[in-house]
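**Student:** First the structure, then my questions, so here it is.
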Amino acid sequence: MIVRIMGEGQVRLADSHLTELNKLDDELLAEMENGDGPGFRRTLTALLSKVRELGVPLPDDSLEPSELILPAPEATLEEVRGLLTGGGLIPG
């Protein structure tokens, strides 16, 4: 799966990591629903860090279509709400 972090670039991420990332996505969704700004910031940072850790960066000149687009690290709670489709940022 090709994942883009807005403002950073793309990484190739094995589908086997989706379960681990979905746990963070579920936490993020709960924090957003509760209006927990500090928790949201902490979990968004953890989610993006985990994607960077587990993913293999693609070259900057790569033109792969992104299957998943994640918000930039500085995205606000309201901006991320606008990106949600159904159950969170990550499918599954």
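The values are calculated or read from the model by the stated rules, or taken from the named source; none is laboratory data. Keep in mind that this is a model prediction, so the values were computed, not measured. Backbone-built Cβ (ideal geometry, glycine too); neighbour counts: all protein chains shown. With ligands, DNA and RNA removed, areas are computed over all heavy atoms of the protein, side chains included. Shrake-Rupley method; radii C 1.70, N 1.55, O 1.52, S 1.80 Å.
**Student:** Report the extension gain between Arg12 and Lys50 in nm, rounded to one decimal, defined as 0.36 nm multiplied by the number of residues separating them, less their alpha carbon distance.
**Tutor:** Length difference between fully extended and current span is 12.4 nm.
**Student:** R0 = 25 Å: FRET efficiency of Leu83 with Asn34, Cβ-based, nearest 0.05?
**Tutor:** My answer for the efficiency is 0.90.
**Student:** Moving on. Just read off the accessible area of Ile69 with the full protein assembly in place, 1.4 Å probe, to the nearest 10 Å².
**Tutor:** 90
**Student:** Still on this structure, I have one more. Please give the calculated 222 nm ellipticity per residue for the chain, where each DSSP H segment of at least 4 residues contributes -39500 (n - 2.57) and the sum is spread over every residue; nearest 500 deg cm²/dmol?
**Tutor:** Result for the chain: -14500 deg cm²/dmol, rounded to the nearest 500.
**Student:** Report for the chain the percent antiparallel among DSSP-assigned beta bridges with both residues inside it, nearest 5.
**Tutor:** 65
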